[in-house]
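Enquirer: The structure's right below; bear with me while I get my questions together.
The values are calculated or read from the model by the stated rules, or taken from the named source; none is laboratory data. Quick caveat, the model's predicted, so the values are computed rather than measured. Glycine gets a Cβ as well: all are built from the backbone with ideal geometry, and neighbour counts include every protein chain shown.
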Amino acid sequence: MIPLDSPRWSELRDTYGHATPVSTILRTIDAGEASDEVWTNLWSRICHQGDVCEASYAAVPHLVRIARDPAQTRWDLLALPAAIEAARLTGRAPDIPEDLAAAYHAAVQALADVCLARAQVPWDHVGGQAILAGLAASKGLGVLAEAILELGPGSAGEFLESIGKGGRHGV
């Protein structure tokens, strides 16, 4: 895992250019000080409309590490690594740089354990999406992970109605 203060971040690319801001955002998240705006900024930098970049692979080990802390309950900690791995599995991502591969793959495998631990506490719809998508992505099921991430509270009910299941079914 690349340390957050490593100069390597300036060599990696995010959606907008060099990835130094990604390490700064991750430090803010790690400190438990991330607002919705900070999370939106991170998503747009490393998983912009489902497209990922080199910095995405460097960020995932940190996100999974942070997600292990029971005090860190933000759904993005699971959904963002799931979305990145889903993009990789479905061929919408660059190759993983060699120096990032081992830590990235270890984090994706660890994501399953983190998701299972989170499944033991109460969750809402969005938390459930993150947990289930994280499990699917960590098991190599990229299309399923993407589908789960797309089925938000409103769209899940619409989907059920579109296939003739009708009603809200607890969504």
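Listed here are the residues, each with its yes/no results for (1) among the aromatic types (Phe, Trp, Tyr); (2) free of Cβ contacts under 8 Å to residues at least 40 places away in the same chain; (3) not in a helix (DSSP H, G or I).
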position	(1), (2), (3)
41	no, yes, no
44	no, yes, no
55	no, no, no
63	no, no, no
74	no, no, yes
78	no, no, no
85	no, no, no
94	no, no, yes
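Enquirer: Okay, next question. Quick check on this structure: which one of 112, 101, 107 is in contact with a Ser or Thr (Cβ under 6 Å, 6 or more places away or on another chain) and more than 20 Å from residue 21 (Cβ to Cβ)?
Expert: 112
Enquirer: Name every residue in the range 127-159 that is within 12 Å of the chain's Cα centre (by Cα) and without any contact (Cβ under 8 Å) to a residue 40 or more places away in the chain, in order of residue number.
Expert: 132, 135, listed by residue number.
Enquirer: Now a separate question. Hey, could you check the range 115-126 for residues that are part of a helix (DSSP H, G or I) and over 12 Å from the mean Cα position of the chain (by Cα) and say which is nearest to residue 92 (Cα to Cα)?
Expert: From the range 115-126, those part of a helix (DSSP H, G or I) are 115-118, 125-126; that's our starting set.
Among the residues that remain, those that are also over 12 Å from the mean Cα position of the chain (by Cα) are: 116-118, 125-126.
Values: 116: 27, 117: 29, 118: 28, 125: 26, 126: 24 Å.
Among residues in the range 115-126 that are part of a helix (DSSP H, G or I) and over 12 Å from the mean Cα position of the chain (by Cα), the one nearest to residue 92 (Cα to Cα) is 126.
Enquirer: Still on this structure, I have one more. Could you check the range 54-88 and list, in sequence order, the residues that are among the aromatic types (Phe, Trp, Tyr) and surrounded by 24 or more Cβ atoms within 10 Å (Cβ to Cβ)?
Expert: Taking the range 54-88 as the starting set, the residues that turn out to be among the aromatic types (Phe, Trp, Tyr) are 57, 75.
57 - this is the single residue of the range 54-88 that is among the aromatic types (Phe, Trp, Tyr) and surrounded by 24 or more Cβ atoms within 10 Å (Cβ to Cβ).
Enquirer: Within the range 101-114, take every residue that is surrounded by 14 or more Cβ atoms within 10 Å (Cβ to Cβ) and within 14 Å of the chain's Cα centre (by Cα) and give me the one that is nearest to residue 54 (Cα to Cα).
Expert: Of everything passing the filter in the range 101-114, 104 is nearest to residue 54 (Cα to Cα).
Residues checked against (1) at pLDDT below 95; (2) over 18 Å from residue 39 (Cβ atoms); (3) touching a helix residue (DSSP H, G or I) at 6+ places or on another chain (Cβ under 9 Å):
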{"site": "81", "(1), (2), (3)": "no, no, yes"}
{"site": "88", "(1), (2), (3)": "no, yes, yes"}
{"site": "100", "(1), (2), (3)": "no, yes, yes"}
{"site": "119", "(1), (2), (3)": "yes, yes, yes"}
{"site": "135", "(1), (2), (3)": "no, yes, yes"}
{"site": "158", "(1), (2), (3)": "yes, yes, no"}
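Enquirer: Among the residues of the range 33-43, is any within 19 Å of residue 144 (Cβ to Cβ) and under 12 Å from the mean Cα position of the chain (by Cα)? Steps first, please.
Expert: Step one: filter the range 33-43 for residues within 19 Å of residue 144 (Cβ to Cβ), giving none.
Looking through the range 33-43, none of the residues is within 19 Å of residue 144 (Cβ to Cβ) and under 12 Å from the mean Cα position of the chain (by Cα).
Enquirer: If you don't mind, another one. Only residues that are in a loop (DSSP other than H, G, I, E, B) and either touching a strand residue (DSSP E or B) at 6+ places or on another chain (Cβ under 8 Å) or buried (at least 18 other Cβ atoms within 10 Å of the Cβ) (or both): list them for the range 1-39, please.
Expert: Scanning the range 1-39 gives 2, 12, 15, 19, 34.
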